[in-house]
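Note sheet for the following structure.
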């Protein structure tokens, strides 16, 4: 049997074992656990999140491992769901649950394109009663555990839980007078329209209506201001994300003061040559990471995430040339930055000739 065939066969056996293990584990899984039982551990990648952010949200806690082939297949699909359903209230937490260093976990998360928080040594009290990976635990917005088991069987229940939840921006509140706002927002594109509608109710004669409308206005404006401030904070360190946030804010809050401010900043940043230089470096950094991921994938998923001599020898000269030019451009365009530092790491990893 050739090495390639043995590798494929080995992956099939591991995947089958994971699935069979999931079937056995689900029957004995404790469904009485709640988000309050989650212990987040140490953040490895993604944006920080606090325990209070798990309250009155649909929460998916996904246990996985860097040596689990089924996890590698599922997590990019979960990333797509997180991007689609995040604006509607879904919170995704990724918990690494195998041996592995922080650097190995971080590299794997980057290779898989994960943007949701990745924690190491996260646990859940009375909920570690499983062995097979990946293992998904889903809580609805009331904190009830509604699913445990194989990630691939999760999507229908997940979508239903998100649809049943009040808009996350309103923190699960149920309105009595303005019942129309109890319907979950279908995405950020509804923020502006909803904000304008709520402001139109602030002069109502009924005190309860005014109080509820005021609450809606405050929560939506807080969300919009938060997006603006995050974009400004990330402007120089993560320009690609900063630009995306402004674009989302401009589109989502169209027709409001927040949307107008975001649109104005977009115009200013477009004229700002310093920002455009940093943005170009950020876009090149993203391209460099993509090339690295493609090279790693072409040679198979290695548990260590390390570049081997065999891989280096097999990288096409044209690809190496692209990577070298990207590293040089990033380091010259945004010297001393985290992006330049990361580009230098990749250059050393692949033995690229990029100068000092």
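From 170, 116, which residue is surrounded by 20 or more Cβ atoms within 10 Å (Cβ to Cβ) and at pLDDT 85 or above?
116
This table checks each residue for (1) closer than 26 Å to residue 307 by Cβ; (2) modelled with pLDDT under 85; (3) outside the structural domain of residue 152 (by TED's automatic domain parsing).
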residue	(1), (2), (3)
38	no, no, no
42	yes, no, no
56	no, yes, no
67	yes, no, no
70	yes, no, no
86	no, yes, no
98	yes, no, no
101	yes, no, no
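Yes or no, residue by residue, for (1) under 26 Å from the mean Cα position of the chain (by Cα); (2) in a helix (DSSP H, G or I); (3) within 15 Å of residue 60 (Cβ to Cβ); (4) modelled with pLDDT of 90 or more:
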| position | (1), (2), (3), (4) |
| --- | --- |
| 137 | yes, no, yes, yes |
| 143 | yes, no, yes, no |
| 161 | yes, yes, yes, no |
| 180 | no, yes, no, no |
| 202 | no, no, no, yes |
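Give just the number: which of (1) within 20 Å of residue 80 (Cα to Cα); (2) surrounded by fewer than 21 Cβ atoms within 10 Å (Cβ to Cβ); (3) in contact with a strand residue (DSSP E or B) (Cβ under 9 Å, 6 or more places away or on another chain) does residue 96 not satisfy?
(2) is the only condition that residue 96 fails.
Out of the residues in segment 57-90 that are out of contact with any strand residue (DSSP E or B) (no Cβ under 6 Å at 6 or more places or on another chain) and assigned to a loop (DSSP other than H, G, I, E, B), which is surrounded by the fewest Cβ atoms within 10 Å (Cβ to Cβ)?
It comes out as 67.
Looking at segment 332-350, which of its residues are outside any helix (DSSP H, G or I), surrounded by 12 or more Cβ atoms within 10 Å (Cβ to Cβ) and free of Cβ contacts under 8 Å to residues at least 60 places away in the same chain?
If the condition is that a residue be outside any helix (DSSP H, G or I), surrounded by 12 or more Cβ atoms within 10 Å (Cβ to Cβ) and free of Cβ contacts under 8 Å to residues at least 60 places away in the same chain, then 334, 350 are the ones that fit.
Being in contact (Cβ under 8 Å) with a residue 12 or more places away in the chain and either surrounded by fewer than 17 Cβ atoms within 10 Å (Cβ to Cβ) or under 30 Å from residue 331 (Cβ atoms) (or both) is the filter here; which residues of segment 207-231 pass it?
Passing the criteria: 208, 214, 225, 230, 231.
For segment 186-194, indicate whether the set of residues that are within 27 Å of the chain's Cα centre (by Cα) and outside any helix (DSSP H, G or I) is non-empty.
yes
Looking at 212, 229 in this structure, which one is under 30 Å from residue 171 (Cβ atoms), within 26 Å of the chain's Cα centre (by Cα) and not in a loop (DSSP other than H, G, I, E, B)?
Going through 212, 229 in turn, just one is under 30 Å from residue 171 (Cβ atoms), within 26 Å of the chain's Cα centre (by Cα) and not in a loop (DSSP other than H, G, I, E, B): 229.
The values are calculated or read from the model by the stated rules, or taken from the named source; none is laboratory data. For clarity, every value in this text was computed on a predicted model and none was experimentally measured. Note that we place each Cβ from the backbone using ideal geometry, even for glycine, and neighbour counts take in every protein chain shown.
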